[in-house]
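S.K.: The structure follows.
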Amino acid sequence: MKQSSTIAESPRHTPAEECPNRLEISGLQLLGNDGAPLLDIGRWQMPAGVHWVHGASGAGKTRLLRLLADLPAANHNSNTAHCSRAQPTQSSVGRPAIDWHSPPALPRPLSPKDVFFAEPEQPIWDPMTIAQVHDQLLVPTAESAGYLSVASHARMQADLLAGFGLNPHQHKAMSMLSTGTRRKVFLMAALLAPHPLVLLDEPSAALDQRSIRALYYALVVRNRIARHQVTLVATALEPHQHGQIGRGHWHLG
């Protein structure tokens with residue numbers, strides 16, 4: 001599969017030596033039950049910052065995110081071979097196909113607490129308000145501590161509540177919200193998430209222009225201040241369609 005990486009902004013980012021965390025995917029190949037490749041990635045190295053995974057519908061973007069989140073494929077009836085991070089296909093040189101590199105620059109497996117990937121449709125969220133959902137999702141780990149200061153977090157939170165038009169809905173339970181509004185609640189959580197690896201699947205889909213501006217601004221901030229977080233954004237858009245935000249662009253299909 002085609003793969004490429006381009007640095008999308010001028011070198012104003014934190015120097016590489018100060019960004020020790022890195023996600024590496026190498027020699028990853030997943031096959032369907034009929035032997036057809038579902039994912040085939042040679043080598044992707046993603047330092048801290050925002051990275052985009054581009055591909056048309058069916059290229060495997062969501063499958064890759066769910067694999068990184070250690071979740072089964074979304075469509076259990078499709079022609080897929082179940083695979084999880086605990087047992088991915090090995091790379092051609094025998095190493096794990098998915099590695100998380102962190103100080104002291106040694107690979108280690110990702111654990112579920114390191115990864116943010118929320119599923120808004122789950123009924124467990126139905127009785128909760130926005131604040132309660134975020135209290136459940138945004139639990140910092142030792143490695144994620146210090147992503148945003150208290151003041152910066154509060155400012156970003158206020159900006160996203162306004163930008164996504166969520167202020168009138170703060171007192172409502174998730175079950176009272178439309179599908180689109182509910183999705184914004186979880187998108188907001190992802191953009192505030194302190195986790196080392198944050199996964200976003202088609203975040204701009206069905207958003208109004210005001211919400212898209214809020215989304216892109218938050219991604220610019222994440223990319224600029226990221227020291228330990230890798231944010232992976234799956235999208236069918238081409239790089240020029242989202243303003244070239246981010247450190248890298250990777251392609252499936």
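S.K.: Order by neighbour count: Ser175, Ser26, fewest other Cβ atoms within 10 Å first, most last.
M.R.: Fewest-to-most ranking of Ser175, Ser26: Ser175, Ser26.
S.K.: While we're looking at this one, here's another question. How do 40-51, 180-191 rank on mean C-beta neighbours within 10 Å, highest first?
M.R.: Taking the mean over residues of other Cβ atoms within 10 Å, the ranking is 180-191, 40-51.
S.K.: Return the ratio Rg/(2.2 N^0.38 Å) for the range 156-214, where Rg is computed over Cα atoms only.
M.R.: Expressed relative to 2.2 N^0.38 Å, the Cα Rg reads 1.09.
S.K.: Name the long-range amide H neighbours of Lys172: under 5 Å, sequence gap of 5 or more, or other chain; modelled H, no Pro or chain starts.
M.R.: Under 5 Å from the amide H of Lys172 lie the amide H atoms of Ile130, each far enough along the sequence or on another chain.
S.K.: Given the Cα-Cα distance of Val150 and Ala236 and 0.36 nm per residue of separation, how much length would full extension add, in nm?
M.R.: Additional length available on full extension: 27.5 nm.
S.K.: Let me ask you something else. What list do you get for Met176, Met128 if you sort them by fewest beta carbons within 10 Å?
M.R.: Met176, Met128
S.K.: What ranking do Asp70, Asp34, Asp126 get, fewest neighbouring Cβ atoms within 10 angstrom at the top?
M.R.: Neighbour counts put them in this order, fewest first: Asp34, Asp126, Asp70.
S.K.: Can you tell me the Rg and Dmax of the range 113-253, counting just the alpha carbons, in angstroms?
M.R.: 14.5, 43
None of the figures in this text is laboratory data; all of them are computed from the coordinates on show. The structure displayed is predicted, hence computed values, not measured ones. Virtual Cβ from ideal backbone geometry, glycine too; neighbours counted across all protein chains shown.
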